[in-house]
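Colleague: Below: one structure in structure tokens.
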Amino acid sequence: METEELNIFDEYRNLLGIETREDVHRKGHWHETFHCWIVSREEGADRIHLQLRSSGKKDFPGLLDITAAGHLLSTETVREGVREVEEELGLAVAFEDLVPLGVIKDQIHQEGFIDNEHCHIFLYRTNNSDLRFELQKEEVAGMVSADFQAFSELCTGKREQAAVEGFKMASDGTAKPFAKTIRKTDLVPHSHGYLEQVAVRLQQVLEKE
């Protein structure tokens, strides 16, 4: 995975060349990612789905994150990024069924890891309250959902906690019920501006329905 080749950009999305994924995060090059947020309608309320990152992940193990996301390789278009949804979650989603929410910058800077992303953000809206996930165990350890309004307020700083519920995969391969009251520290530490913009853009689409 570290040898995957990614296009690198400046902060203004001007293409500069190609680097390996390892060098991209070591040097802090801007690169492109695909982010898909899934929101389902359940009993008259919107619920947003989050993945629980595997404990074996190199970066941010055990934290909650975007429903499905990944790097766009140098040979891929944004359209091809939809593969991440099926790879990580086992859901076959057509790119045409996604609602584009634009590009948002996201920066995570930690010792030994510099992540500067131009994130292509999409919403997958579904009325199916019984999503059947088949998780990529190396990447994803479980799935939870939260009331959208509560999650939005958590992202924008209007509340400190939100309740999530779902399942977590046990060591024997079975799915066990999982529920927790989370704070922002339970989420991957994306830029505050990233989470805030995602919440606002999702809200704008959902309010139009």
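The values are calculated or read from the model by the stated rules, or taken from the named source; none is laboratory data. Since the structure is predicted, the reported quantities are computational estimates derived from the model, not experimental observations. Neighbour counts run over all protein chains shown; Cβ positions are idealised from the backbone, glycine included. These area figures cover heavy atoms from the full protein model, side chains too; ligands, DNA and RNA do not enter into them. Shrake-Rupley method; radii C 1.70, N 1.55, O 1.52, S 1.80 Å.
Colleague: With charges set only on the Cβ (+1 for Lys and Arg, -1 for Asp and Glu), what does the dipole of the range 100-209 come to about its Cα centre, in debye to the nearest 20? Could you put the intermediate results ahead of the total?
Modeller: Working: 13 positive and 17 negative charges, 49 e Å.
In debye, rounded to 20, the range 100-209 gives about 240.
Colleague: Give me the percent of the accessible area of the chain that comes from carbon and sulfur atoms, probe 1.4 Å, all protein chains in place.
Modeller: Carbon plus sulfur share of accessible area: 46 percent.
Colleague: Mind telling me which of 35, 120, 192 comes out most flexible in a GNM of the chain, alpha-carbon contacts under 10 Å?
Modeller: 192
Colleague: Given the pairs 105/184; 57/208; 58/180; 168/208, which are separated by over 28 angstrom at their Cα positions?
Modeller: Those over the limit are 57/208; 168/208.
Colleague: Hey, rough spin-label estimate for residue 2 and residue 58, points 7 angstrom out along Cα→Cβ, what's it come to in nanometres?
Modeller: 0.5 nm
Colleague: Separate question: Could you check what % of the DSSP bridge pairs in the chain are antiparallel, to the nearest 5?
Modeller: Working: 48 of 60 bridges.
In the chain, DSSP labels about 80 percent of beta bridges as antiparallel.
Colleague: Accessible area per residue for the chain in Å², computed with a 1.4 Å probe and the full protein assembly in place, what is it?
Modeller: Heavy-atom SASA per residue in the chain reads 51 Å².
Colleague: In a GNM of the chain with a 10 Å cut-off on Cα contacts, which of 117, 196, 84 has the highest mean-square fluctuation?
Modeller: Comparing 117, 196, 84 in a Gaussian network model of the chain, the most mobile one is 196.
Colleague: Provide the per-residue ³J(HN,Hα) series for the range 22-31, in order, calculated from phi with Karplus coefficients 6.51, -1.76, 1.60 and θ = phi - 60°, each as a whole number of Hz, with x at glycine and proline positions.
Modeller: Each residue's phi maps through the Karplus curve to give 4, 5, 4, 7, 7, 8, x, 5, 5, 8 Hz.
Colleague: Also, quick follow-up: What list of whole percents do you get for P(r) of the range 26-75, with Cα-Cα distances grouped in 10 Å bins up to the one holding the largest distance?
Modeller: Here the calculated profile for the range 26-75 is 21, 38, 30, 9, 2.
Colleague: Find which of 9, 29, 135 sits farthest along the positive direction of the dipole of the chain, computed with +1 on the beta-carbon of Lys and Arg, -1 on that of Asp and Glu, about the Cα centre.
Modeller: About the Cα centre, the residue reaching furthest to the positive side is 135.
Colleague: Report the chymotrypsin sites (Phe, Trp or Tyr not before Pro) located in the range 3-53 that are in a DSSP loop and have at most 16 other Cβ atoms inside 10 Å of their Cβ, or state none.
Modeller: 12
Colleague: Same structure, new question: What percent do you get for the relative contact order of the chain when only Cα pairs under 8 Å and 6+ apart count?
Modeller: In percent, rounded to a whole number, it is 21.
Colleague: Another question, if that's okay. So for the range 113-159, considering every pair of alpha-carbon atoms, how many percent are separated by more than 15 Å? Intermediate results must be reported in sequence, preceding the final value.
Modeller: Values: 768 of 1081 pairs.
Here the tail beyond 15 Å accounts for 71 percent of pairs.
Colleague: Next question, about the same structure. Using a Gaussian network for the chain with springs between C-alpha atoms less than 10 Å apart, which of these wobbles most: 122, 151, 133?
Modeller: Per the Cα network of the chain with a 10 Å cutoff, 133 tops the list.
Colleague: Taking 0.36 nm per residue of sequence separation and subtracting the Cα-Cα distance, how much length would be gained by fully extending the chain between residue 204 and residue 174, in nm to one decimal?
Modeller: Using 0.36 nm per residue and subtracting the Cα-Cα distance, I get 7.1 nm.
Colleague: Hey, another quick one. May I ask for the percentage of alpha-carbon pairs in the chain that lie more than 21 Å from each other?
Modeller: Within the chain, distances greater than 21 Å cover 53 percent of Cα pairs.
Colleague: Also: Spin-label point model (7 Å from Cα, Cβ direction): what's the residue 41 to residue 12 distance in nm?
Modeller: So the label points at residue 41 and residue 12 sit 4.3 nm apart.
Colleague: DSSP loop (so not H, G, I, E, B), at most 15 other Cβ within 10 Å: list which trypsin sites (Lys or Arg not before Pro) in the range 105-140 pass both filters. Can you show the working numbers first?
Modeller: Working: sites: 105, 125, 132, 137; in loops: 132, 137.
For trypsin sites (Lys or Arg not before Pro) across the range 105-140 that sit outside H, G, I, E and B with at most 15 neighbouring Cβ atoms in 10 Å, the list reads 132, 137.
Colleague: Over 5 Å intervals from 0, what percent of Cα-Cα pairs in the range 66-172 sits in each interval?
Modeller: Histogramming the range 66-172 at 5 Å steps yields 2, 9, 16, 19, 23, 19, 9, 2, 0 percent.
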